[in-house]
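Step one of this worksheet: look at the structure below.
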Amino acid sequence: MAKAKPVKLGWSSEEVENITHALNDLLVNYSVHYQKLRNYHWNVKGSDFFDLHIEFEQQYKEAQDHIDDIAERIRVFSKTPVSTMGEYLEQSEIKETTSQLSSEIMVRELIADYTILLGYMFAVIEIASAQHDAGTEEMVKVFIHQIEKHHWMLSAFLAK
Ligand SMILES: [Fe+2]
């Protein structure tokens with residue numbers, strides 16, 4: 001009979017460092033993206049107002065849930081999630097914009113953000129799967145599925 005895979009009940013300090021570092025990178029980027037969604041929800045103007053105002057709200061509510069899950073997953077490993085606005089702005093690859101953008105530029109910004117977020121999510125999955133961290137993998141796989149859908153919908157919005 002084949003030997004059963006060992007059950008993962010704990011991680012080495014190196015494994016903890018690897019996964020929480022990747023989760024914090026995702027967290028800082030997601031946090032800046034979240035505030036951009038709120039910015040655009042409040043400040044979008046023009047004939048797309050009603051559609052985008054509602055869509056951005058749905059997306060920031062989902063982002064808020066994902067951010068909370070990521071931070072709490074870091075706490076599961078007894079590490080500290082990056083938690084201040086200053087650190088988010090300093091460490092994030094996703095950058096803030098002004099509020100005075102056309103609706104089309106707002107949507108382009110968000111599509112670019114989602115591409116960046118997916119990159120950080122894939123990085124988390126790669127580390128989690130190498131370390132048999134099924135809990136983190138499962139959590140982020142759900143995010144990926146949802147983010148890919150937003151990416152598609154926003155891209156379809158721009159299609160002529
Ligand atoms: Fe609102």
Picking from Leu117, Leu110, Leu26, Leu101, the residue that is surrounded by 13 or more Cβ atoms within 10 Å (Cβ to Cβ) and more than 22 Å from Ile147 (Cα to Cα) would be Leu101
Of Asp69, Asp51, the only residue that is among the acidic types (Asp, Glu) and within 16 Å of the ligand (Cβ to nearest atom) is Asp51
*Check segment 54-63 and report whether any residue there is more than 30 Å from Asp133 (Cα to Cα) and more than 16 Å from the ligand (Cβ to nearest atom).*
no
Taking segment 13-34 and the residues there that are in contact with a helix residue (DSSP H, G or I) (Cβ under 9 Å, 6 or more places away or on another chain) and hydroxyl-bearing (Ser, Thr, Tyr), the one that is nearest to the ligand (Cβ to nearest atom) would be Tyr34
| message | For segment 6-20, check the following and say yes or no: at least one residue is within 14 Å of the chain's Cα centre (by Cα), touching a residue at least 60 places away in the same chain (Cβ under 8 Å) and either closer than 16 Å to Val140 by Cα or in a helix (DSSP H, G or I) (or both). | response | no
Report task. State yes or no: is Arg108 away from the ligand (no atom under 16 Å from the Cβ), free of Cβ contacts under 8 Å to residues at least 60 places away in the same chain, part of a helix (DSSP H, G or I) and under 27 Å from Phe157 (Cα atoms)? Result -> yes
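Suppose we keep only residues that are within 12 Å of the ligand (Cβ to nearest atom) and not polar (S, T, N, Q) within segment 35-48. Which one would you say is surrounded by the fewest Cβ atoms within 10 Å (Cβ to Cβ)?
Checking each candidate, the answer is Trp42.
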Flagged pairs (Cβ under 6 angstrom, 6 or more apart or on separate chains; first in segment 39-66, touching a residue at least 40 places away in the same chain (Cβ under 8 Å); second part of a loop (DSSP other than H, G, I, E, B) and surrounded by fewer than 15 Cβ atoms within 10 Å (Cβ to Cβ)) are Asn39/Ser99; Asn43/Ser99
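Laboratory data are not the source of any read-out in this text; all were calculated from the coordinates shown. Computed from a predicted structure; not experimentally measured. Neighbour counts are summed over all protein chains in view; Cβ atoms, including those assigned to glycine, are modelled from backbone coordinates with ideal geometry.
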